[in-house]
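The values are calculated or read from the model by the stated rules, or taken from the named source; none is laboratory data. If you're wondering where the values come from, they're calculated on a predicted model, not measured in any experiment. We place every Cβ from the backbone using ideal geometry, glycine too, and count neighbours over all the protein chains shown.
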Amino acid sequence: MNKISIRNLTLTYSDGVQPLRDISFDIPANQISVIFGPAGGGKSSLLRSLNRLNDLTDLTHQKGSILLDDQELLDPTLDVIQLRRRVGMVFARPVVLPLSIRKNLTYGLEVAGETNKDRLLEVVESSLKKAALWDEVKDRLDDPAIALSGGQQQRVCLARVLALEPEVVLLDEPTSGLDPISTGKVEESLQDLKKEYTIVLVPHSVQQAARTADQAIFLLQGEVIEVSSGDLMFTNPQEQRTQDYIQGRFG
Amino acid sequence: MKSKQITGKESGSSIREFLITALIKAAGYSAILFVGMIFFFLLLESFPALREVELSNLLSSRWYPIEDYYGVLPLVGGTLIITIGATLIALPFGIGTAIYLSEIAPRWLRDTLKPLVEVLGGLPSVVLGFLGMLILSPYLRIWLDIPTGLSAFAGAILLGGIAIPTVVTVAEDALDAVPKSYRDASLAIGATEWQTIWRVTLPAARSGVLTAVMLGIGRAIGETMTVMMVTGNAPILPTGLKNLFSPVRTMTATIAAEMGEVANSSTHYHVLFLIGIILFLISLAVNVAASAVVFRQKKSQGHILS
């Protein structure tokens, strides 16, 4: 079952640059879809289209269609605030808000109007557990989140998105600044999370792509070169360019 | 040979280095020295006042130096009521403008408006006082139906106006320094633009915004010419809200108006210096309070923006 269908998507910035050209593929529900490829290929632009964060850039034109459960995301009248609660995003550099750990987690729900204290308390615990951070911070939830290590901050960001109980979680190189142990923890929690969520990951290396992908999409200079299952993509790619990139001949 | 040349060159530049360092150090210390000397002479000139005038006279509510009434309370009260009024005006307008400029206004508008606000900050206070005297106070008299428009309220409005550019400039810089990623992160989890400003951007810029407010207050407390022109200069102790609409006199205006015609080293002269000390202490207290608050916040949050 497809959660998101992207059809003929083309983005144009005000300076004429097209980060994405005529992109089409589907993102199946409850799987980890990995979008990989060399830098500047449009991976982040694509992710940011999926929860309309591109609205904040000088994007002048988007053509094509992105359907989330048959709802058109490019519709200019769409309530983007609602959309961003359904499609959460974790950035490459962990950005904890200048608040306590607890407040970081409840922020999304509070701005959505949730005031029930018990419910907030419950969400803090459950989302931290899902992000594999609960045991490390449960005794200091009121400390400033900025005091945590980089790996912990990134998991706070993940937990913060999970607290909103979104349907889709977008991750833009979530482990690029992390040590191997923290990276392992994040990847591990992703495998659990896909039971409940649809996950779209931009990995920070081909190896990570190969480790995590259920479905893999190879994006090169704004175009989709190949889409296939993770197993197939990294053992037997169909396209020459995919093979060259995976084997490290360029990129 | 070669290595010797190098060391020779080095020792030459190290003398220059030493001289420059010493010069910069001297400049730095001299600033402290000047402040110390100013304070010392203020003390020296004001100290006799405490001997010549009884404390009960100084703390009375009557300022009438010709008959040896030296009650400074009306003057302190006048300064406080006008400063508080000005702060209440400058705070919402100043921070509101800063938020608009930094978070909401399109780039080109911001690039036009900010220099304009800064020009406003450079407006000579005598010009503002003139406008206040000729335009603002007659209207205040008619609208509020008070005996004279030359009142604490007129002073507060003008001082608020004087403080606003300071508040806007400093607060806008502070808001602008908040990383864009904070805003993205907040928007990405479904906060609206206003929620992001109120709950993330503003708190992150808190210390800078507070500094802006304190600088604005400092500007208002020390302002002389404008208040002298529009407040009516009657040394009446403010006792309630009604005094906002009657004439008052500030400490600065008293010093400016009377210092020129006072006999050197007379009691009156010494008391004017004492008023100067009080003014100095009030602004010192404001500054210390501000930095204490900023320091506490920095400690509790970890250094977010530094």
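Yes/no per residue for (1) within 14 Å of another protein chain (Cβ to nearest Cβ); (2) closer than 25 Å to residue A:203 by Cβ; (3) surrounded by fewer than 19 Cβ atoms within 10 Å (Cβ to Cβ):
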{"position": "A:65", "(1), (2), (3)": "no, no, yes"}
{"position": "A:69", "(1), (2), (3)": "no, no, yes"}
{"position": "A:76", "(1), (2), (3)": "no, no, yes"}
{"position": "A:89", "(1), (2), (3)": "yes, yes, no"}
{"position": "A:96", "(1), (2), (3)": "yes, yes, no"}
{"position": "A:107", "(1), (2), (3)": "yes, no, no"}
From the set of residues in the stretch B:229-252 that are within 16 Å of residue B:70 (Cβ to Cβ) and among the aliphatic types (A, V, I, L, M), which is nearest to the chain's Cα centre (by Cα)?
B:251
Return the pairs, sorted by first residue and then second, in which the second residue is part of a helix (DSSP H, G or I) and surrounded by 13 or more Cβ atoms within 10 Å (Cβ to Cβ), the first residue lies in the stretch B:137-150 and is on the phi < 0 side of the Ramachandran plot and polar (S, T, N, Q), the beta carbons are less than 7 Å apart, and the residues are 6+ apart or on different chains.
B:137/B:154; B:137/B:230; B:148/B:141
I'd like to know if the stretch B:153-170 contains one or more residues that are part of a helix (DSSP H, G or I), more than 14 Å from chain A (Cβ to nearest Cβ), within 30 Å of residue A:56 (Cα to Cα) and not β-branched (Val, Ile, Thr).
yes
Taking the stretch A:114-164 as the search range and keeping residues that are within 11 Å of chain B (Cβ to nearest Cβ) and in a loop (DSSP other than H, G, I, E, B), which one is surrounded by the fewest Cβ atoms within 10 Å (Cβ to Cβ)?
A:142
Going by what's in this entry, would residue B:150 be described as at pLDDT 90 or above and touching a Ser or Thr at 6+ places or on another chain (Cβ under 7 Å)?
no
Can residue A:80 be described as modelled with pLDDT of 85 or more, of a type in the set (Val, Ile, Thr) and out of contact with any Pro (no Cβ under 6 Å at 6 or more places or on another chain)?
yes
Filter the stretch A:8-33 down to the residues that are in a strand (DSSP E or B) and among the acidic types (Asp, Glu) and list them by number.
A:22, A:26
Within the bounds of the stretch B:205-222, is there any residue that is within 12 Å of chain A (Cβ to nearest Cβ), at pLDDT 85 or above and under 22 Å from residue A:154 (Cβ atoms)?
no
State yes or no: is residue B:72 within 22 Å of residue B:282 (Cβ to Cβ), out of contact with any strand residue (DSSP E or B) (no Cβ under 6 Å at 6 or more places or on another chain), in the same structural domain as residue B:230 (by TED's automatic domain parsing) and aliphatic (A, V, I, L, M)?
yes
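Every residue, every condition in (1) over 22 Å from residue B:160 (Cβ atoms); (2) more than 14 Å from every other protein chain (Cβ to nearest Cβ); (3) part of a helix (DSSP H, G or I), yes or no:
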| site | (1), (2), (3) |
| --- | --- |
| B:200 | yes, no, yes |
| B:238 | no, yes, no |
| B:274 | yes, yes, yes |
| B:277 | yes, yes, yes |
Mind counting the residues in the stretch A:118-163 that are under 12 Å from residue A:106 (Cα atoms) and among the β-branched types (Val, Ile, Thr)?
4
What's the total number of residues in the stretch B:216-232 that are surrounded by fewer than 19 Cβ atoms within 10 Å (Cβ to Cβ) and not hydroxyl-bearing (Ser, Thr, Tyr)?
3
Tell me yes or no: at least one residue of the stretch B:242-262 is surrounded by fewer than 18 Cβ atoms within 10 Å (Cβ to Cβ), of a type outside the set (Phe, Trp, Tyr) and outside any helix (DSSP H, G or I).
yes
One residue is enough: does the stretch B:179-191 have a residue meeting the conditions within 13 Å of chain A (Cβ to nearest Cβ), polar (S, T, N, Q) and assigned to a helix (DSSP H, G or I)?
yes
In this structure, does residue B:234 turn out to be under 23 Å from residue B:146 (Cα atoms), without any contact (Cβ under 8 Å) to a residue 60 or more places away in the chain and out of contact with any Phe, Trp or Tyr (no Cβ under 9 Å at 6 or more places or on another chain)?
yes
Please name all residue pairs, on different chains or six or more residues apart, with Cβ atoms under 7 Å, provided the first residue is in the stretch A:45-67 and is modelled with pLDDT of 75 or more and the second residue is of a type in the set (D, E, K, R).
A:47/A:172; A:51/A:84; A:53/B:184; A:54/A:48; A:64/A:7; A:65/A:7; A:65/A:72
For the stretch A:99-113, what are the residues that are in contact with a helix residue (DSSP H, G or I) (Cβ under 8 Å, 6 or more places away or on another chain), under 26 Å from residue A:50 (Cα atoms) and assigned to a loop (DSSP other than H, G, I, E, B)?
A:112
Is there a residue being among the small types (Gly, Ala, Ser) and touching a residue at least 60 places away in the same chain (Cβ under 8 Å) anywhere in the stretch B:26-37?
no
Mind counting the residues in the stretch A:175-220 that are part of a loop (DSSP other than H, G, I, E, B) and out of contact with any Phe, Trp or Tyr (no Cβ under 8 Å at 6 or more places or on another chain)?
12
Consider residue A:20 against the criteria (1) away from every other protein chain (no Cβ under 14 Å); (2) at positive phi; (3) surrounded by 14 or more Cβ atoms within 10 Å (Cβ to Cβ): it satisfies all of them except one. Which criterion is unmet?
(2)
Could you pull out the residue among B:96, B:122, B:132 that is in the same structural domain as residue B:233 (by TED's automatic domain parsing) and within 30 Å of residue B:183 (Cα to Cα)?
B:96
